[in-house]
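Q: Supplied in structure tokens, the structure appears directly below.
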Amino acid sequence: MDCIERSKEIRRLTLECIASIGVGHVGGCLSVADLLAVLYTKHMNVDPGDPQMKGRDRLVMSKGHAGPALYATLASFGFFPKEMLKTLNKIGTRLPSHCNMQLTPGVDMTTGSLGQGISCAVGMAIGAKIAREKARVYCVIGDGESQEGQVWEAVMLAAHKKLGNFTLFVDNNGMQIDDTTQNIVAVEDYEKKFKAFGFNAIRVDGHNHSAIDMAIEKAKRCKTRPTAIILDTVKGKGVKFIEEMGVGNHSFSFGAAELEKALAELN
């Protein structure tokens, strides 16, 4: 399955997952689907048959409310049966609404309290260097999340430690739970900020698979500095009526009727 087909499947599985419970963070899940498709199809050194494989690459979904998109990706690659996606956030589930490393095969860090995931990811990258592992650590943060001071503390440490094995993705969709990021706390210009902190910084269209792929390859070649890849994305990407909801698509009721309409667009 190529990246295009994989991204379609990730979106479909994500929507089916959220529809199974009837409510969820649809917009911010769909905006990272293309990244996840490229990352797992072409770059992640992982084994679905052995999720705890020694020396594996790690992904930390610091914006933990995008857990369903990560779950859909992991199911698509065979970490667990796709039928399990329909247990999202239900009693006894292994798929809580936010990522939990104790429950879900393939999830490397429990996240949800914004700003903390990136700190854990930086710690993982430091640990991999100490252990002399070739493992790479990837982390996804939201643009709203980047208003957290803890994010920039972690960025500062990553640069200080010269973590060439660490790549940070910023899902720059311009929206957060209450309003646009511009109206809440504007963080731009990301490239200038990350470069000022000592990062290699790359900005790309977050829905262009070739551009994402090339940016990750550039990050791998940068051995002496961590890399930040700023992904300019559309919240709710792939389903027009969800995109058009704007800020309202952060989290909303999404049941059978909405699923049917969304899948018709995806198909």
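Q: Only one of GLU148, GLU217, GLU153 is at pLDDT 95 or above, surrounded by 15 or more Cβ atoms within 10 Å (Cβ to Cβ) and among the charged types (D, E, K, R). Can you tell me which?
A: Going through GLU148, GLU217, GLU153 in turn, the sole match is GLU148.
Q: Could you go through segment 101-115 and let me know if any residue there is touching a helix residue (DSSP H, G or I) at 6+ places or on another chain (Cβ under 7 Å), in contact (Cβ under 8 Å) with a residue 40 or more places away in the chain and in a helix (DSSP H, G or I).
A: no
Q: I would also like to ask the following. Name the single residue, out of those in segment 35-47 being in contact with a Gly (Cβ under 9 Å, 6 or more places away or on another chain) and open to solvent by 10 Å² or more (accessible area, probe 1.4 Å), that is nearest to ALA219 (Cα to Cα).
A: ASN45
Q: Let me ask another. Have a look at GLY198, GLY164 and point out the one that is touching a Cys at 6+ places or on another chain (Cβ under 9 Å), among the small types (Gly, Ala, Ser) and modelled with pLDDT of 95 or more.
A: Only one candidate qualifies: GLY164.
Q: Of the conditions (1) open to solvent by less than 40 Å² (accessible area, probe 1.4 Å); (2) over 18 Å from VAL204 (Cβ atoms); (3) within 18 Å of the chain's Cα centre (by Cα), ALA19 fails just one. Which one is it?
A: (3)
Q: Filter segment 1-15 for residues that are among the hydrophobic types (A, V, I, L, M, F, W, C), within 14 Å of LYS237 (Cα to Cα) and crowded, with 16+ Cβ neighbours inside 10 Å and give the result.
A: Once the filter is applied, which keeps residues that are among the hydrophobic types (A, V, I, L, M, F, W, C), within 14 Å of LYS237 (Cα to Cα) and crowded, with 16+ Cβ neighbours inside 10 Å, segment 1-15 yields ILE10, LEU15.
Q: Kindly establish whether LEU30 is buried (at least 24 other Cβ atoms within 10 Å of the Cβ) and aliphatic (A, V, I, L, M).
A: yes
Q: Let me confirm something: among SER76, SER113, which residue is closer than 30 Å to GLU243 by Cβ and in contact with an Asp or Glu (Cβ under 6 Å, 6 or more places away or on another chain)?
A: That would be SER76, the only listed residue that is closer than 30 Å to GLU243 by Cβ and in contact with an Asp or Glu (Cβ under 6 Å, 6 or more places away or on another chain).
Yes/no per residue for (1) under 15 Å from the mean Cα position of the chain (by Cα); (2) farther than 29 Å from TRP152 by Cα; (3) surrounded by fewer than 18 Cβ atoms within 10 Å (Cβ to Cβ); (4) hydroxyl-bearing (Ser, Thr, Tyr):
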residue: PRO81; (1), (2), (3), (4): no, yes, yes, no
residue: THR87; (1), (2), (3), (4): no, yes, yes, yes
residue: THR93; (1), (2), (3), (4): no, yes, yes, yes
residue: SER97; (1), (2), (3), (4): yes, no, no, yes
residue: ASN100; (1), (2), (3), (4): yes, no, no, no
residue: GLY112; (1), (2), (3), (4): yes, no, yes, no
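Q: In segment 229-260, which residues are outside any helix (DSSP H, G or I) and of a type in the set (Phe, Trp, Tyr)?
A: Correct list: PHE252, PHE254.
The values are calculated or read from the model by the stated rules, or taken from the named source; none is laboratory data. Since we're looking at a predicted model, the values are computed, not measured. Cβ coordinates were reconstructed from backbone atoms using ideal geometry, including for glycine residues, and neighbour counts include every protein chain displayed. Note: areas computed on protein heavy atoms with side chains; ligands, DNA, RNA excluded. Shrake-Rupley method; radii C 1.70, N 1.55, O 1.52, S 1.80 Å.
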